[in-house]
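The values are calculated or read from the model by the stated rules, or taken from the named source; none is laboratory data. Remember, it's a predicted structure, so these values are computed and weren't measured experimentally. No Cβ is skipped: glycine too gets one built from the backbone with ideal geometry, and neighbour counts run over all protein chains shown. Areas reflect the complete protein model, heavy atoms only, side chains present, ligands, DNA and RNA absent. Shrake-Rupley method; radii C 1.70, N 1.55, O 1.52, S 1.80 Å.
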Amino acid sequence: MSHPVLAGVDGSEHSLAAAEWAAREAVLRGVPLRLLHAAPPLPDDAVPTAAGETLRRVGERIVQGVIADLGARHPDLRVNGEQSDEAPAQALLSAARDAGLLVVGARGSGGFDGLAVGSVALRVAAAAHCPVVVVPGRRSGAFGNGTRPAGGVPQVVVGFDGHRPVDEVADFAFGAARTRGASLRVVQAWAFPAEAVSPRTLFVTEEDRATWEDQEEQRLADALRTRQEKYPEVTVRADVVLLHPAEALLNTSRGTDLLVVGRRTGRPGGAGRLGPVTHAVLHHAGCPVTVVPHTG
């Protein structure tokens, strides 16, 4: 965890929520926080040069204001800020090549009320080389910023598939739980075997359902055993649920500190794309969501 945490800021309440979340994460990891503000050049050469300079000065004030605010509330935080002349998404993707984690607000200053996730957040979540955390809501929110009522027990939730376990996603989720002193809830959605729901099948017996569910639970336990040995201090609760994966994860996101999902990379024609489950979770989860790229 030696690489810095990177956060995009644009002065919006959503980006301030992301910066606050990123500051806490950087302190937990013991790494610096980098703040990035993108001030791309104006599109029309006829626009006076002074206008571009004004935008850059505004960006500088935004960055310095966030640095001062975070420094006052997190004395142990090492934080610096910078600006980029690239478009916001490209600027963040370029800077994230040297980051251990990229944190963005669900939408920025260009969004509108009712928009769940903006284009910048979606693009970086789909294309960054490092894990991306999308923080929903405003800084004054409660669960939307990963905070809990006083005395609440921290919890990390991860979507997992015992049939195709993914090392990168599992390691991130277990590591996040260990860093926070949180419990880890592992959620696996399952469906009846194809032969059980063929047109010739009139119903599924309770015995069959129990047998299949037991098999899924055992497969999940087997897939998690190595990680539990590697992270013995993490308390794990494994849930096997008969639901669509997105619905299963969204049901667990209420009051959760962090929800972890994967994004497969390296597929022909699949670069820079989010799967349907990850896409649904980003739009509807009530907590910060981490999208972890993996090659599995």
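Ordered by solvent-accessible area of protein heavy atoms (1.4 Å probe), largest first, the residues His3, His74, His284 come out as His284, His3, His74. Per-residue packing, averaged as other Cβ atoms within 10 Å, sorts the ranges 251-257, 25-31 into the order 25-31, 251-257, beginning with the highest.
Would you mind putting 287-294, 223-230 in packing order, based on average other-beta-carbon counts within 10 Å, highest first?
Working: 287-294: 23.4, 223-230: 14.9.
Output ranking for 287-294, 223-230: 287-294, 223-230.
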